[in-house]
Amino acid sequence: MTEPLYRLVYYSRNHISGDHGTFEAHVEDILGKSRVNNGRDGITGALLFNAGCFAQVLEGPLANVEAAFERIQQDDRHGDVSLLALDPIETRSFPNWAMGFVGTSDRDAERFAAVGTSSGFDPARLSGDQIHTLLRDLTIEEEAA
């Protein structure tokens, strides 16, 4: 029997300082380490960056998802880390993504316009379900592109 799956949704504030190149290097580092750790730990998910905030969905075995979240909380590049949801799930929404990422390109900025209009992309004003749905829809679009 396989371990039960859980979905964790959180948001945090960007605490990466410096110019655009420094920011991109830090995000690449976050993604690279996440993809290695998540592949090893059976975690899938997606990360969104927009307007100074990160929002992320992690899916996998409970202990592994909680350990990943603990690492994120200890990472100085994330501030005001807030858990929005931690729920059991039947199936993964991101089965092909050790860590998908959307959010820095001009194309992504256009796609997030409606989110910004409705919430100012303040993840504190979005529910875990809303962030999950947003990231799931964006990664489906990304896979189709």
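Summary of packing: across the peptides 31-42, 54-65, 130-141, the per-residue average of other C-beta atoms within 10 Å ranks them, highest first, as 54-65, 130-141, 31-42. In terms of its alpha-carbon gyration tensor, the stretch 1-101 comes out prolate; a/c meets the 1.5 threshold, and the first ratio a/b outweighs b/c. When the charge dipole of the stretch 1-57 is built from unit charges on Cβ atoms (+1 for Lys and Arg, -1 for Asp and Glu) and taken about the Cα centre, the candidate among 8, 36, 25 whose Cα reaches farthest toward its positive end is 8.
Any read-out appearing in this document is the output of simple, stated calculations on the displayed coordinates, not a laboratory observation. Computed from a prediction, not measured in an experiment: that's the story for all the values here. Every residue, glycine as well, gets a Cβ built from its backbone with ideal geometry; the counts of neighbours run over all protein chains shown.
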